[in-house]
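Engineer: Provided herewith is a single structure, encoded as structure tokens, for subsequent inquiry.
The values are calculated or read from the model by the stated rules, or taken from the named source; none is laboratory data. This is a predicted model, so every value here is computed, not measured. Cβ placement follows ideal geometry from the backbone for every residue including glycine, while neighbour counts extend to all protein chains displayed. Accessible surface is based on the protein model in full, side chains and every heavy atom, while ligands, DNA and RNA are left aside. Shrake-Rupley method; radii C 1.70, N 1.55, O 1.52, S 1.80 Å.
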Amino acid sequence: MSKHDEDIIDERGDSRLGEDPRSTATAGPVQIHPVDLGHIHVPTPVMLSPMAGVTNWPFRVICEEYGPDGLYVAEMITARALVARNPKALRLCRFAPSEKIRSLQLYGVDPSIVEQAARIVVDNNMADHVDLNFGCPVPKVTRRGGGSALPWKTDLFTEVIHRVVSVCGPAGIPVTAKIRVGIDHEHETFLEAGHIAQEEGCAAVTLHARTTAEYYGGHSDWSRIGELVERLDIPVFGNGDIWGADDALAMVRETGCAGVAIGRGCQGRPWLFADIKHAFEGSDERTNPNLGQVCAVILRHAGLLTEFYDGDERMAVHDLRKHIAWYLKGFPVGGTTRKAFMECENIADVKRVMDALDPQAPYPQRIIDKPRGRVRYAKKVHLPYGWLESRTTTHEQRETLFGDDPMDVSY
């Protein structure tokens, strides 16, 4: 979840979720097969979804160590920032030597700028796979016509994909697209967007089965994933409400999707990828570490983040704070201890707070396979003026959209 949306949207907590009417206990085998994206072979089509502020390479490495040979996608890179050689953008483009497939996600509205960013990726051998973000519902993105707002403008959507595929294709780099159902249920775009992505040369599409208006609230509608699977020849990855391995099995069983994409479900729980690997292998084995084992993961995460920040422990531990809150969810550690973790300034501080914990405390049963991350509901969808009046952009709209955007360059 990106940080810049926090003052725009309401936090209501998990209590609004209720029980998911879908049953994940349906019996029967689940068939999932390797997926080929161009020359890239994905043995188990399980994807770590890009999450701003979360999926930098330290977290990706931990997830990949637990999980199957899938796709572990870097957090969204703003095309204009990459073109401007923004230091933070360049840092986010880094991959660890152990990462098997280097997957990078690009975001942008101006087709020319996104094409330039793709050219930088190709010329500098920065990635093996490029994903395009058309699924972000954050108001700061959609009010610029980006993310999940962009597929409404079919000319702009088509042009962005066409230009990126034209650059990446000859270099053997497959391009995929992440989309949502639509802006709202009166302005759905996913079937048309999926078809355009396929026709323009995308190797696969990921569908988050919510609209922009639904944000991350309520329940995603997996039936829409099934609809898209029926309409397309390219692989469709399903995304939304996969909180445990049984959810991944249920999504594949119910929709026929070629693979699953995991977002908030793995926050503070990278071992979810091990559970999903076991589930697709037909095993009931699940990973429920005790508090001592979780603390060991936290310390490993801290060490990798220190390397990510070029040895700066303070920056690493500040980044780690949100992850610690997720790692400790459900454990009886107390508010004072949680506050102490949030005040840590280096790894020694983190270790000192950990020493007061009971390493034998079992993994909390009440949070297993339950929703994670903050559940947020948008007050309204923020779009450029007159955005819904037409499915194509006017000259005036393009001039407005393609102007300088400080957010794009400065992060």
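Engineer: Mind checking whether some residue in segment 344-366 is in a loop (DSSP other than H, G, I, E, B), over 25 Å from the mean Cα position of the chain (by Cα) and free of Cβ contacts under 8 Å to residues at least 12 places away in the same chain?
Structural biologist: Yes, that holds for at least one residue.
Engineer: Shifting gears a bit: Give the number of residues within segment 225-240 that are open to solvent by less than 10 Å² (accessible area, probe 1.4 Å) and either aliphatic (A, V, I, L, M) or assigned to a loop (DSSP other than H, G, I, E, B) (or both).
Structural biologist: 4
Engineer: Among G240, G244, G265, which is the only one that is free of Cβ contacts under 8 Å to residues at least 40 places away in the same chain and small (G, A, S)?
Structural biologist: After applying the criteria, what remains is G240.
Engineer: Among (1) crowded, with 16+ Cβ neighbours inside 10 Å; (2) closer than 22 Å to D369 by Cβ, which single condition is S283 missing?
Structural biologist: Result: S283 fails condition (1) only.
Engineer: Could you look through segment 344-366, keep only residues that are among the aliphatic types (A, V, I, L, M) and surrounded by 14 or more Cβ atoms within 10 Å (Cβ to Cβ), and pick out the one that is farthest from V294 (Cα to Cα)? Full working, then the answer.
Structural biologist: Of segment 344-366, the ones among the aliphatic types (A, V, I, L, M) are 347-348, 350, 353-354, 356-357, 361.
Applying the additional criterion that residues be surrounded by 14 or more Cβ atoms within 10 Å (Cβ to Cβ) yields 347, 350, 353-354, 357, 361.
On the way: I347: 15, V350: 13, V353: 14, M354: 10, L357: 11, A361: 10 Å.
Selected residue: I347.
Engineer: Now for a different question. Out of V73, V109, I need the residue that is touching a residue at least 60 places away in the same chain (Cβ under 8 Å) and of a type in the set (V, I, T). Which one?
Structural biologist: Exactly one residue qualifies, and that residue is V109.
Engineer: I need the full set of residues from segment 179-194 which are in contact (Cβ under 8 Å) with a residue 24 or more places away in the chain and open to solvent by 30 Å² or more (accessible area, probe 1.4 Å), in order please.
Structural biologist: Let us first name the residues in segment 179-194 that are in contact (Cβ under 8 Å) with a residue 24 or more places away in the chain, namely 179-185, 187, 189-194.
Matches in segment 179-194: D184, H185, H187, L191, E192.
Engineer: In segment 209-260, how many are acidic (D, E) and touching a Phe, Trp or Tyr at 6+ places or on another chain (Cβ under 7 Å)? Walk me through how you get there before you give the answer.
Structural biologist: Here is the first cut: in segment 209-260, the ones acidic (D, E) are 214, 221, 227, 230, 233, 241, 246-247, 254.
Okay, now just the ones that are also touching a Phe, Trp or Tyr at 6+ places or on another chain (Cβ under 7 Å), so 254.
Matching residues across segment 209-260 total 1.
To keep it simple, each residue is scored yes or no on (1) touching a Gly at 6+ places or on another chain (Cβ under 7 Å); (2) modelled with pLDDT of 95 or more; (3) among the aliphatic types (A, V, I, L, M).
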site	(1), (2), (3)
P139	no, no, no
S148	yes, yes, no
E159	no, yes, no
S166	no, yes, no
P174	yes, yes, no
R180	yes, yes, no
F190	yes, yes, no
T211	yes, yes, no
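Engineer: Condition (residue is more than 24 Å from H41 (Cα to Cα), of a type in the set (S, T, N, Q) and in a helix (DSSP H, G or I)) applied to segment 197-205: is it met by at least one residue?
Structural biologist: Looking through segment 197-205, none of the residues is more than 24 Å from H41 (Cα to Cα), of a type in the set (S, T, N, Q) and in a helix (DSSP H, G or I).
Engineer: Could I ask something else about it? Every residue in segment 365-402 that is modelled with pLDDT of 95 or more, touching a Gly at 6+ places or on another chain (Cβ under 7 Å) and more than 21 Å from G135 (Cβ to Cβ), please.
Structural biologist: none
Engineer: Quick check on segment 144-165. Is at least one of its residues open to solvent by 10 Å² or more (accessible area, probe 1.4 Å), among the small types (G, A, S) and either in contact with a helix residue (DSSP H, G or I) (Cβ under 9 Å, 6 or more places away or on another chain) or free of Cβ contacts under 8 Å to residues at least 12 places away in the same chain (or both)?
Structural biologist: No, that holds for no residue.
Engineer: Assuming R300 fulfils every condition listed in (1) of a type in the set (D, E, K, R); (2) in contact (Cβ under 8 Å) with a residue 40 or more places away in the chain; (3) in contact with a Leu (Cβ under 9 Å, 6 or more places away or on another chain); (4) part of a helix (DSSP H, G or I) apart from one, which condition is it?
Structural biologist: Of (1) of a type in the set (D, E, K, R); (2) in contact (Cβ under 8 Å) with a residue 40 or more places away in the chain; (3) in contact with a Leu (Cβ under 9 Å, 6 or more places away or on another chain); (4) part of a helix (DSSP H, G or I), only one is false for R300: (3).
Engineer: Filtering segment 195-221 down to residues that are polar (S, T, N, Q) and out of contact with any helix residue (DSSP H, G or I) (no Cβ under 7 Å at 6 or more places or on another chain), which residue is surrounded by the most Cβ atoms within 10 Å (Cβ to Cβ)?
Structural biologist: If we filter segment 195-221 for residues that are polar (S, T, N, Q), which is where we start, we get 198, 206, 211-212, 220.
Narrowing the set further to residues that are out of contact with any helix residue (DSSP H, G or I) (no Cβ under 7 Å at 6 or more places or on another chain) leaves 198, 206, 211, 220.
Values: Q198: 19, T206: 28, T211: 25, S220: 25.
Checked segment 195-221; the qualifying residue surrounded by the most Cβ atoms within 10 Å (Cβ to Cβ) is T206.
Engineer: Can you report the number of residues in segment 245-268 which are of a type outside the set (V, I, T) and open to solvent by 10 Å² or more (accessible area, probe 1.4 Å)?
Structural biologist: The qualifying residues number 9.
Engineer: Moving on. Do you know which residues across segment 308-324 are surrounded by fewer than 21 Cβ atoms within 10 Å (Cβ to Cβ) and either touching a Ser or Thr at 6+ places or on another chain (Cβ under 9 Å) or more than 18 Å from C266 (Cα to Cα) (or both)?
Structural biologist: Within segment 308-324, Y309, D310, G311, D312, E313, R314, M315, H318 meet the criteria.
Engineer: Only residues that are surrounded by fewer than 24 Cβ atoms within 10 Å (Cβ to Cβ) and not β-branched (V, I, T): list them for segment 134-143, please.
Structural biologist: The answer is P139, K140, R143.
Engineer: If you don't mind, there's one more thing I want to ask. For segment 166-178, how many residues are buried (at least 19 other Cβ atoms within 10 Å of the Cβ) and touching a strand residue (DSSP E or B) at 6+ places or on another chain (Cβ under 8 Å)?
Structural biologist: Initially, segment 166-178 is screened for residues buried (at least 19 other Cβ atoms within 10 Å of the Cβ), giving 167-168, 173-178.
Applying the additional criterion that residues be touching a strand residue (DSSP E or B) at 6+ places or on another chain (Cβ under 8 Å) yields 168, 173-178.
The number of residues fulfilling the criteria is 7.
Engineer: Let me ask something additional. What do you reckon, is L305 hydrophobic (A, V, I, L, M, F, W, C), in contact with an Asp or Glu (Cβ under 6 Å, 6 or more places away or on another chain) and surrounded by 20 or more Cβ atoms within 10 Å (Cβ to Cβ)?
Structural biologist: yes
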